[in-house]
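Student: Have a look at this one before I ask anything.
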Amino acid sequence: MKRLLRGIFYAFGPRARRVVRRLAYAPVDLFLVFRHGGRPTYNGLPLPLPGEIFTGGGDFLENGLIFKEHFQKLGALKPQESVLDIGSGLGRMAIPLTDFLVAPAEYHGFDVVASAVADCQGRITSRFPHFHFRHVSLVNDLYTLEGASADHFVFPYADDQFDFAWATSVFTHMERAEVQNYLREARRVLKPGGRFLATFFLTDYEALSSARGGAYEFSVQRGEDWYMSWEVKGANVGFTPKNVQQWAREAGWSEARIYFGRWSGRSGETTDFQDIVVFS
Ligand SMILES: C[S@@+](CC[C@H](N)C(=O)[O-])C[C@H]1O[C@@H](n2cnc3c(N)ncnc32)[C@H](O)[C@@H]1O
């Protein structure tokens, strides 16, 4: 059922999808605003309402807080470090970090959806000027149909600018040449000793078999990569762990440590929903 609804949803274009979502969630949003006497907040910042959240399911604030912990435990993030948020969306990672990252350390985020960037600038930068958001015009068939290809995109930041970077639920919507480029670019903008945490759907044999028949079944194969929808390629994309580790080596990373997630229903220890890879 979940897969059928997802298929219907993907038949709309990216902008129309966001409108459909807002309409479908209007009663929930109204109820929340009524119950809280306004929007729920964190550290004085208003949070987006469920109908506005086009960046994935689950509890927006809770997920952000969980990743704040992952960044510290798995990525050794410290309050004085400068960070880069690749695909910053609606600020799910940025908002919980507003009471952690201390100026002059800087947060920089970029995203392909202009309205999301404007929203973060309005809600977050206005209160925390060391948080910067930037729109980049790149195409991604799940999020925007306008812009250049991301596979040769040069991040608009200097070499060695950051201590820590992340891409949460972003490479799960990008194709292999784009991810390979982003691994190289992340390496370039991080200082020596920098760490990069990214989430993936790692489609090894065990994950593909465990996910079969469920909401996260990858049914379309192209080469060694897996897609959930052929019509909307960015819908969800899976790569083998072996390929990701190989691309990491090619991009100059000496380590790519994998923490498997529970999305596929695989057995054994898991850390989060998606698989996490920490490049160092
Ligand atoms: C599932 S959302 C996750 C957003 C955010 N990282 C989070 O964890 O809440 C994926 C985000 O990646 C952005 N995105 C897609 N392709 C991108 C690209 N080539 N470069 C940067 N951001 C991209 C989308 O616009 C969207 O905001």
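The values are calculated or read from the model by the stated rules, or taken from the named source; none is laboratory data. In this text the structure is predicted, and so the values were computed from the model without any measurement. Cβ coordinates were reconstructed from backbone atoms using ideal geometry, including for glycine residues, and neighbour counts include every protein chain displayed.
Student: Does any residue in the stretch 74-91 that is at pLDDT below 95 and of a type in the set (Gly, Ala, Ser) come within less than 8 Å, Cβ to Cβ, of a residue that is buried (at least 20 other Cβ atoms within 10 Å of the Cβ) and in a strand (DSSP E or B) six or more places away or on a different chain, and which pairs are these?
Tutor: No pair meets every condition.
Student: Cβ-Cβ under 7 Å, sequence separation 6+ or interchain: first residue in the stretch 37-58 and among the aliphatic types (A, V, I, L, M), partner assigned to a loop (DSSP other than H, G, I, E, B) and surrounded by 19 or more Cβ atoms within 10 Å (Cβ to Cβ). Which pairs?
Tutor: Qualifying pairs under 7 Å: 53/90.
Student: Here is a further query. Give the residues of the stretch 184-207 that are within 13 Å of the ligand (Cβ to nearest atom) and within 24 Å of residue 82 (Cα to Cα), sorted by residue number. Reasoning before the result, please.
Tutor: Kept after step one, since they are within 13 Å of the ligand (Cβ to nearest atom), are these residues of the stretch 184-207: 185-186, 197-201.
Once the filter is applied, which keeps residues that are within 13 Å of the ligand (Cβ to nearest atom) and within 24 Å of residue 82 (Cα to Cα), the stretch 184-207 yields 185, 186, 197, 198, 199, 200.
Student: Right, next: Any residue at all in the stretch 137-146 that is modelled with pLDDT under 95 and more than 10 Å from the ligand (Cβ to nearest atom)?
Tutor: The answer is yes, given that some residue of the stretch 137-146 is modelled with pLDDT under 95 and more than 10 Å from the ligand (Cβ to nearest atom).
Student: Would you mention how many residues in the stretch 224-242 are farther than 12 Å from residue 175 by Cα, modelled with pLDDT of 95 or more and assigned to a loop (DSSP other than H, G, I, E, B)?
Tutor: 1
Student: Filter the stretch 147-171 down to residues that are of a type in the set (Val, Ile, Thr) and more than 7 Å from the ligand (Cβ to nearest atom), then give me how many there are.
Tutor: Selection size over the stretch 147-171: 1.
Student: Kindly indicate which of 178, 206, 185 is of a type outside the set (A, V, I, L, M, F, W, C), modelled with pLDDT of 95 or more and surrounded by fewer than 16 Cβ atoms within 10 Å (Cβ to Cβ). Can you show your working first?
Tutor: Values: 178 fails: surrounded by fewer than 16 Cβ atoms within 10 Å (Cβ to Cβ); 185 fails: surrounded by fewer than 16 Cβ atoms within 10 Å (Cβ to Cβ).
Just one listed residue meets the conditions, 206.
Student: On to the next question. Which residue pairs have Cβ atoms under 6 Å apart, sit 6 or more places apart or on different chains, and have a first residue in the stretch 142-171 that is closer than 15 Å to residue 191 by Cβ and a second that is assigned to a helix (DSSP H, G or I) and within 12 Å of the ligand (Cβ to nearest atom)?
Tutor: Going by the 6 Å Cβ cut-off, the qualifying pairs are 155/185; 165/186.
Student: Would you point out which residue out of 92, 123 is under 29 Å from residue 239 (Cα atoms) and in contact with a helix residue (DSSP H, G or I) (Cβ under 9 Å, 6 or more places away or on another chain)?
Tutor: One residue alone meets the criteria, 92.
Student: I need the full set of residues from the stretch 141-187 which are more than 27 Å from residue 259 (Cβ to Cβ), more than 17 Å from the chain's Cα centre (by Cα) and of a type in the set (S, T, N, Q), in order please.
Tutor: 149
Student: Same structure again: State all residues of the stretch 82-96 that are out of contact with any strand residue (DSSP E or B) (no Cβ under 7 Å at 6 or more places or on another chain) and near the ligand (Cβ under 6 Å from one of its atoms); if no residue qualifies, say none.
Tutor: If the condition is that a residue be out of contact with any strand residue (DSSP E or B) (no Cβ under 7 Å at 6 or more places or on another chain) and near the ligand (Cβ under 6 Å from one of its atoms), then 92 is the only one that fits.
Student: Kindly evaluate residue 62 against the criterion of being touching a strand residue (DSSP E or B) at 6+ places or on another chain (Cβ under 8 Å), acidic (Asp, Glu) and either surrounded by fewer than 19 Cβ atoms within 10 Å (Cβ to Cβ) or more than 19 Å from residue 119 (Cα to Cα) (or both).
Tutor: Here the answer is no, as residue 62 does not meet what is asked.
Student: Return the total of residues in the stretch 120-132 being more than 11 Å from the ligand (Cβ to nearest atom) and buried (at least 16 other Cβ atoms within 10 Å of the Cβ).
Tutor: So the count comes out to 7.
Student: So, residue 215, is that one surrounded by 14 or more Cβ atoms within 10 Å (Cβ to Cβ) and within 18 Å of residue 173 (Cα to Cα) or not?
Tutor: no
Student: Another question, if that's okay. With in a helix (DSSP H, G or I) and surrounded by fewer than 20 Cβ atoms within 10 Å (Cβ to Cβ) as the only criterion, which of 245, 221 stands out?
Tutor: After ruling out the rest, the residue left standing is 245.
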